[in-house]
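Readers should treat all values here as calculations from the given coordinates under stated rules, not as data from a laboratory. Predicted, not measured: the structure shown is a model, and the values here were computed from it. Don't worry about glycine lacking a Cβ; one is built from the backbone with ideal geometry, like all the others, and counts go over all protein chains shown.
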């Protein structure tokens, strides 16, 4: 298995896991708010790293407040909505042997850079 195939498998597994959690929460009469918040955080963090890979601005806060309906919309966009761009990115990596570092950015780090 190549590294690209491995990464594709990871995206597929991630999509499956997110949908399983979402399905479990939807099956409950009153899903725990904490569980919805954790799902929102996971989806947001996944999107954030995709945006960093693609050198795009962050579109969601790290700890967003989603309803279950909004969570479904966000899960539906990851990775399927983003995957064509990620696929292009991975192909470019294969063609270009140099890798660039992706640095995590926090509000504290961003604030210190402004000084």
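Counting other beta carbons within 10 Å of each Cβ, put 72, 91 in order, fewest first.
Final ranking by Cβ density, sparse to dense: 91, 72.
Could you please rank 46, 51, placing first whichever residue has the fewest other Cβ atoms within 10 Å of its Cβ?
Lowest to highest Cβ neighbour count: 51, 46.
For the residues 38, 50, 25, what sequence is obtained by ranking on other C-beta atoms within 10 Å, fewest first?
38, 25, 50
Considering all alpha-carbon pairs of the range 1-76, what whole percent are spaced by more than 16 angstrom?
For the range 1-76, the fraction of Cα-Cα distances above 16 Å is 54 percent.
What FRET efficiency would be calculated for the residue pair residue 26, residue 62, taking the C-beta separation as r and a Förster radius of 35 Å, to the nearest 0.05?
Computed FRET efficiency for residue 26 and residue 62: 0.90.
Between residue 33 and residue 77, what is the FRET efficiency for a Förster distance of 22 Å, r being their Cβ-Cβ separation, to the nearest 0.05?
0.50
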